[in-house]
Every structure is written in C-alpha cells, then in structure tokens.
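Just so you know, all these numbers are worked out from the coordinates, no wet-lab data involved. Nothing here was measured: the structure is a model prediction, and the numbers come from that model. With ideal geometry, Cβ positions are generated from the backbone for all residues, glycine too; neighbour counts draw on all protein chains shown.
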Amino acid sequence: MRDYDPSGVRIARDREETEEERHSRVLAERAQLGDTEAFGELIERHRSQAKMWAERITGNPHMADDIVQDALIRAFLHIGSLHDTSRFLPWLHKIVRNQANMRLRRGGPYKREKPFAAFGSAEGEIDAVDWDDLDSVLFHLTRTAASEANNVHDPAESLMRKELYETIHSVLNCLNRKERDIFEAYFFKQLSPDEIAAMYRMTTGSIYTYIHRSRQKLRQAHVRVSLGLLPKGGGKALVKSKLLQLPEWPASDAVMLSFIDRIGQMLAAVGDRRDMAELMGISGFAFRMQISDRTTYADGLYMFDWRQTLKAFMRELGYETTLLCGQLAGSPVPLLGAVERFPVVLPIEEAVIPFIRQEIDAGRPVLYFDTAASRPYVHEWSLIYGYDDDKRTVQLTDVMKPEGKMLAYGDIALNPVRFLASVRRIEDPARAARTRAAKGMEGRRIAESAILLAIAHARNPRAYCPMTAYLSYTSGLSAYDRWIGHMRGDPAVPPNRYGAGQLAAAYSQTRRYAAYYLRGIPFQGEAMRLALLASEAYEQASETLAEFSDEVPFVRTAEALSPEQCGKCVVWLERAKAFEAAAIGYLEKAIDHSEKGKSI
Amino acid sequence: MTDFHHLHNLQDAKASFERNNPDVQVLIEQAADHYELLQAYKSDEAPDMIESGGWALFNHKDMFVDLLPYVDEVPGLKEDFNPGLMRVACKDGNLPGLPVDIALPLILYRKDMFDSAGLPYPTDDWTWDEMMALAERLTIRGDNGVARQFGFGFGVDIEEFEPFIMRNGGRYLSADGSTSRGHVDQPAVIEAFRKLIDAYRVHRVIRNPGEPSEAGELHQGFAMIFGFTWFAGGLVIHGLSDKFGVVGLPNMPGGERSNMLYMGAAGVTSKSRHPRLAWEFVRHYALERADAFRPSSARTLPATRSLAEESGMTQHPIWSRYVQELDHVQTSGFYISEKWNASRQLINEDIHKMILEGADVAQKLNSWTRFA
C-alpha cells in the first residue's frame, strides 16, 4: 500500500523505515508525551524544510519565517492529535500549508485575523481544517478518530480518543460564545490574559473570571463524564485514579540531596533497588560542593544542568529518560541559575496531567520538582505516585511528610518550575550480557570514571556557570574558601543562617557517602589502599562538617549567627578542607596506580 | 523581609528607626530569592514589608500598597523624587515600592592608559565608532595573541546591551511589554547589535567568553569599562577613583540620549497589619538617610534630589555624573515583560553563539520574538 500526500511528500508504508524516519518517529512519540526537548529536536531537524514549503507557497521569505513560527507553535500545541507518529513530516506540512493559506487570505501578516469556519466540508478534504478555529480542529479530530477506528489496528485506542474529542466538544458547547472565544484565545492561541483583555476591551480580572468559569464548567462536565452521563454511553475510560505502592523508604536512611534520593526511590519502585552509596558515588554528588558567591544561601546545592545530568546519569544506570521541562513566565522562579535556561511554558494542566496519568498507569512514578515542599525546605525533588481524576489531585512524596501529600492538578500546572521525568529501562540484552560477563572490568571502569569526575570537580572552581552575570557559584575545593570567606565575612554581608545550616547538613552527609562509596569500589592493591585512605579522609571531613551542622542546625530562623559561632565554623571549614584536599590527593594517586595496573 | 544579601543599610535603618520609635521593633528576615519572598507573602505570616532586587514582584498586582497617597502627604516629596526614576517606578500608575539599589552604567576610563597611548580623554559627544577606534588603540596583545590590556571591559548579557539599543532608537519590546515582534527584530536593534558583536569579533577589544587573558581584574587591565554604580563605588571605596574618568555611553547612529536603569524597591505589603508604620520605616530607610549615600562609601544612587545634594554626591567628580544620568533613564525590557526576563539565559546563550560562532545576528534577533 502506498500513501500519497498531495504536497509531494511521498510516504511508502510498505518498506522498512529508515534510521532518519525511525528517529523522527521516536522524537514525535516523546514529544506527544510532552517532552519539550524532543519537540525542539524535531523542529531543529525540520525547520528548514518547513521554511522551504512556506516560501514556495508565499514567495516571501519574511512571511515564511512568521508562518513557520506560527506553524511550529500550532504543531506543539496539537502534537497530541497526531495519530500516526511516523507521519510527523506530512502532518507538519499540512499545518504549514494551512498557516500559509490563512496568511495569504488575510492579505499579510499584520491584518486582523478572520477565522475560517468552513469545517463541515466534504469527506476527505482535511485540508479545510482551520487550525485556528477550535470547532474546525475538533471536528477534524473527531472525524479522523472515527474513520481510524474503522480502519486501524487498535480501534479501542482510537475510540477512546474519539470519546475524548467528543467530550471536549460537548463541554465546549456548554460555554457561551464569548467564553469559548476567550477559552480558545487562552488555550489554543497562547495569548496572555492581558493580551486577551486588550483584544476584547475588558479588564484582565474579568478575563480571569471567564477562564475560571470555563474551567469550572469543564470540571462539572468531567463529573458528568465520570457518571457516564456524557457523552452517551461513553466516558468509561476517561476518569480514573491510580495509586502506586512505593517501596519502603525510611526517613532515617534518606539522603538529603533529594535529587539522588528520589532517583533511588524511583528505581526501587520499578524493582531496581540500588545501593545509595553507589548512586551518590557514580552520580558524583557524593563529591560535589558548590557555594553561592553572594552569601551562604543553599542554592549551590541545586545548581547543575538538571536535564543533562539526569539523562547522563540514568543512561549510565541503563535507563532512558523522558522529560517535561519549563518555567512559567508570570511568577518568580526559584533557582534562577538552573531554571532560567528552561523554555517558558504556559500553566496549562493539559500539558502535564496526561503525562503523569500515562506514567502512573504504566506503573512508573514520576520524578517531580516540588516548589511547595514543607518547611524547612522550600523546594525539593519528589515522586508523584498517584492521581485521581475525580478529586483532581496527585499524590506525591514530601521529605517532611512520610505519609506523602496531595496537590491539586491546578497546583501542578501552576508550579513555576516544570520539571517532570520518568525513566524506562533500555532494552539492550547484549549490553546486559556484556556487563554480566565483564562485571569486574565494568565495575572498575565505572569507579574510575566516578573518581575522575570527583577529581575534576574538586579542581574546578567554576564547575557550573549560569548564563548571566548576576549569579555565580564557586565549586570544588575552592568552594570551601568561598564559604570560609562568607563566614569570616564583612559585617555588611552576614552569612545567611538557615542556608548555612542546610549546606553543612547536606555536605556533611555527602562526604560520608563519598567515604562509603570508596570503601566498596573494585580496585586492587595500592590503588585500593589509596582509595581507602581517601575514604578515611572523607569520613573525617564529614565528621568535621557535622560539628558545624550541630552548631548551626538546618531550621528556618531569622536569628543571625554570632561572631563566635562564625569563628568556630571557620575553624571547622578549614579543617574539613584540609581533609578533603588530602582525599583528592589520594584519589589522584589511586587513579595513577589503577592506570598502571591496567598497562601491566 | 529582603532578598538582598548586603544588609548593612537595613541594619542601620532598623537601629535608627527603633531609636526614634522606642515602642517599635523591626525584624529583618532574609530570603534567598523572589520566589521565597512570594511564598512568604502568600503564607499566613506575611511580612509587613518586602524589599526585593529587580521589579518582578512589584509587577504583581495587589501585592503591595500604593505608596503615592503617602507620598502626597509629605510636602514637596513628590517633586523631590528624581523624575526619570519615577517614570520607571510608576509605570503602572502607582508606586508599589520606594526605589532602592538604584544603579545605571556609564563608561569609566583609565586616564593613565589614555595618557600613555597619547589619546585625549573621551567626552560626552563621542560616537560608538570613535569609541571602537580608541578601544583598538588601547588593546595590547602579546606575541602569543593574549591581551594584557583590553580596550573595553564589557560582559555578555542581554540586559547590558540594552542601553546601546535604546541609544540607537531601538527597543526590545513594545512600550507595554506585550510583544517583541516588530521591535527586537527591527533595523535599529539589528544595527546596534551588529556593532556590539563586532566589538568582540572584528575589533577584538572585549574579552570573549572563555578567552585567555593577562589583563587581570576589571579595574586592572581594562582601559574603558562599562561600569555600573556598584563598580564605580568600589573604585572610590578602594581609593582608585583618581585614576579614572567618567563619561556617558557613546552616541549611536540613532542619536537617542537614553540609558537603562537598574533598581529594586522596598514596599509595604497589602497584608501588612501596620501599613502606616511600615510606610514610615521604608521612607526612613530609603529617603531619610543621607549617610547611606556618602560618596566615600556608596555603591548606589539615592531616589531624591535632596539626598543627592545632602550626601555630597552632586559635588563628587564621579558620582555627580551618575546622578546627572538619572534624567535620561528609560524602562528596560526586563521591567515590563516577565517572559522576556525569564528567557534571559536562553538569549545569552544565543549571544555567545553570535560572538563565538558567528551566528547570524538578524536571524537570531528575529527568532527571539518567541520570547515575548
């Protein structure tokens, strides 16, 4: 069977897909899950092609740029409606063509938009879909789903989609014209309430009221769906809840760096319980230290490239990561140094909740950055392990609440930092067999790589540089000097007390894990002896930092540190630095011996 | 509650305010960033006053009490405020906080480096091209190509490029901040941006990101420095100011006399149980302490003309030029669009690509319309 796209994009379904097609399909699948990075990669691959199409239609390169921009936004918004992920390119082509035609009809990029609502056109004329008109889009999707249900292999899946579209359609019919217009402007055209207010000459407050009212109507409709009232006979698959059973995770064993602790718990939840010392060591977090150049705020603990670090670490452990990542524009964002590099996204539930549902349904908890963490924390990584469509809540972990807690769907969408991730084991039996066969060698390679990472970090005073002049951090052994400088400090810049408390508690613990990790690595002979000496030195550094932590516990308080306390802390920091410098010296020698051992 | 880490001014103000009001105690609590401040505001124990760097929180409707009615109660105060400053602070028709941490950039130049090169000191009528010619003469590289002196000390940040864009008649965003389309992608912006990027790539007078250097710190091996008041204050405090002269930013072909402004504010929260008392404190803190702006120790500018006079700033050879420049400040993009502001690091990554990889300037600017 051959399928012909009138644009000239020829699709051959009766042949093996090429590597390029396979890659695009996988990216489209990931993008459908809300993986913004995957979508970005898709766009990078096809942007110039899209521009060529737009230019061919309009004959105007400038207009073509605008069209591509709009088409990409539309594609991003609607990628969930792409039923056959292997047809991303023809699908994108249609969007570009529709956008181009619409621009031409409008007579140029700056003419006022006149929606085209001829959606009831003849069967098969899918080009008539007007991607700016919700009715038209929904009509098209419903029809496509219905016809797919008759033809494709998985009619149940398509029927469920059809139900969903019909539901949305019915629900939107509950809204009056103005509510629908505003709803469309907000959700589909991504306009801000201020922009919509300007368009309709209304106040921003009343726009919020409209959106709120529409949401409430949607919610009521959801309840109706759950009762099987809407649509007729449908809705059985739409409203659900599920709660995963997380493995026991006693607070006494928890690692303060919640990034690693949650990863450990997430892996345990899918039956892959790892030793925490191993996770701390391999990830490098056992050895890291990073201090803000401003004062003893604890933000240095969180300053690294979250996306790249998580992906690389999970790959090392044999997992593939799917990410949902962004920042909201309308609200202050914590941890600017890391988060400001995320794309700006809108607070739309539909962009996050389906991802959570899908992962929980598949038995996988979702790593989630919680900016509503219970005190004394402000924000920490947590695991979402349940959802309830009826209550519209998710269930998630919280460091200070062993029983977990609930957050509303709306709160998840409104989290100013959007960072959700799930992992799947990479099915690579050959790799697994190789690992088993050469476990000794593999273990040594991993340990060497972890130690080299630790040394590189210790010797690098600028391990992470945010792309802004306003924020800077000092890392490695130099971080001790920075920290000492803050504690010794200028009376005009007193050390921040609760931040210092968190830093001391966290870094005392990470050094302890460094010591544990080094005791267990598969080195031999002199290399192992040196690794054990390094372990001992880390243990001493940890104990010294624990004294600091006992003096300045991690609690929220406005109380300032006294000069005497600061003086004591400086002594402890100097001592801890000496121990850690010795540990790094031993590790450098251990690596030399390990290398020699291989060449013999 | 404050997200500043320099607390000496607050501590001084607390001491003098408590001395004058023995029945009042001011508690100072520190937050790491805007987000923590907002969380504190939303909590059941919202602070009476919030001080924050930048303007992000002050754009939140209803979070702060409008201080204009209080200002009106004080005879002459409204007229005493620097009008350029108030143009920016009252952009939404109210005054959500009293400006603090007020800073702007000028060019500080090393007189000795100009003297050794036999070059005349720049004056306010100089142009960008003249500045580049001077900077080339003042950049000294060794045989290995590593500079031991750079002509121009300048970083890589979209915000710091903005005054040059403004001076060329361009703007990143529409006046209401709603869009960058039709603004950041316009010829005036592209032209100014190309000139800035050429300074790194063609004239090679600015240290590129990651470029090896033997020029030392900014106050050591750089002949002309894009210096905010914080830097100028540091020079004065460390007794180095005699070595430096100060001049306005060079004129761009667009011929507009504008500059950017950086400031935060101290405001009274709408949840305050003692708004009048809180106003009294922020007024005391920001407007009544001339000692905080003595040229010998200041790092930022005062909000009122009388403070500038009383503190001695208007008589100081360097500080007086900064005070004077306040008349020309305009609202920067980051004040009026949080979306633009939030994309700063993504934009800066693109600027790095322009400098290091020669990425097309117009194309990149056009692509930034996605950021606002």
>> Skipping prolines and chain starts, which residues have an amide H placed within reach, meaning under 5 Å, of the one on residue B:271, given they are 5 or more residues away or on another chain?
In response: none
> In the stretch B:1-155, with Lys and Arg counted as +1 and Asp and Glu as -1 at Cβ, which of these residues, B:131, B:52, B:13, has the Cα nearest the positive end of the dipole, that is, farthest along it?
Replying inline: B:131
> How about the stretch B:33-72: which GluC sites (Glu not before Pro) there are in a DSSP loop, with at most 16 other Cβ atoms within 10 Å of their Cβ?
Replying inline: B:45
>> For residue A:240, give me every one of the aspartates and glutamates with a C-alpha distance below 17 angstrom, ignoring sequence neighbours fewer than eight places off in its own chain.
In response: A:157, A:163, A:349, A:350, A:359, A:361, A:388, A:389, A:390
> Taking residue A:589 as the anchor, which aspartates and glutamates have their alpha carbon closer than 19 Å to its alpha carbon, excluding any fewer than eight residues away along the same chain?
Replying inline: A:448, A:526, A:536, A:539, A:580
> Is there a pair in B:14/B:61; B:91/B:271; B:195/B:243; A:94/A:178; B:61/B:339; B:91/B:339 whose C-alpha atoms are over 25 Å apart, and which pairs would that be?
Replying inline: B:14/B:61; B:195/B:243; A:94/A:178
> Fewest first, what order do B:279, B:230 take by the number of other Cβ atoms within 10 Å?
Replying inline: B:230, B:279
> Fewest first, what order do B:240, A:27 take by the number of other Cβ atoms within 10 Å?
Replying inline: B:240, A:27
>> Quick check: the distance between the Cα centres of the stretch A:441-503 and the stretch B:147-169, to the nearest angstrom?
In response: 30
> Given labels modelled 7 Å from the Cα in the Cβ direction, how far is it in nm from residue A:17 to residue A:462?
Replying inline: 4.3
> Using helices alone, what [θ] at 222 nm do you get for chain B, with -39,500 (n - 2.57) per DSSP H run of 4 or more residues, divided over all residues and rounded to the nearest 500?
Replying inline: -11000 deg cm²/dmol
> Which value, in debye to the nearest 20, gives the size of the charge dipole of the stretch A:542-596 about its Cα centre, when Lys and Arg are +1 and Asp and Glu are -1 at the Cβ?
Replying inline: 100
> Using θ = phi - 60° and the Karplus curve 6.51 cos²θ - 1.76 cosθ + 1.60, what whole-Hz ³J(HN,Hα) does each residue of the stretch A:537-548 get, with Gly and Pro shown as x?
Replying inline: 5, 5, 4, 5, 4, 4, 5, 5, 5, 5, 5, 4
> So for the stretch A:455-594, taking the charge dipole from beta-carbon charges (+1 Lys/Arg, -1 Asp/Glu), which of A:541, A:530, A:591 sits furthest toward the positive end?
Replying inline: A:591
>> Semi-axes of the equivalent ellipsoid for chain B, please: Cα gyration tensor eigenvalues, times 5, square-rooted, ordered largest first, whole Å.
In response: 37, 25, 18
>> With unit charges on the beta carbons (Lys and Arg positive, Asp and Glu negative) and the dipole taken about the Cα centre of the stretch B:199-351, which residue among B:241, B:313, B:269 sits farthest to the positive side?
In response: B:269
> Using unit Cβ charges (K, R positive; D, E negative) and no other charged atoms, how large, in debye to the nearest 20, is the dipole of the stretch B:33-137 about its Cα centre?
Replying inline: 260
>> With θ taken as phi - 60° and the coefficients 6.51, -1.76 and 1.60, list the Karplus ³J(HN,Hα) couplings across the stretch A:397-410 in order, rounded to whole Hz; mark glycine and proline as x.
In response: 7, 8, 3, 8, 10, x, 7, x, 8, 10, 10, 6, 3, x
> In whole Hz, what ³J(HN,Hα) sequence does the stretch A:573-580 give by Karplus (6.51, -1.76, 1.60; θ = phi - 60°), x for Gly and Pro?
Replying inline: 5, 4, 5, 4, 4, 4, 4, 5
> What's the exposure ranking of A:104, A:310, going from fewest to most Cβ atoms within 10 Å?
Replying inline: A:104, A:310
> With a ≥ b ≥ c the root eigenvalues of the C-alpha gyration tensor of the stretch B:50-163, is it rounded (a/c under 1.5), prolate (a/b larger than b/c) or oblate?
Replying inline: prolate
>> With +1 on the Cβ of every Lys and Arg and -1 on the Cβ of every Asp and Glu, and nothing else charged, how large is the dipole of the stretch B:1-80 about its Cα centre, in debye rounded to the nearest 20?
In response: 100
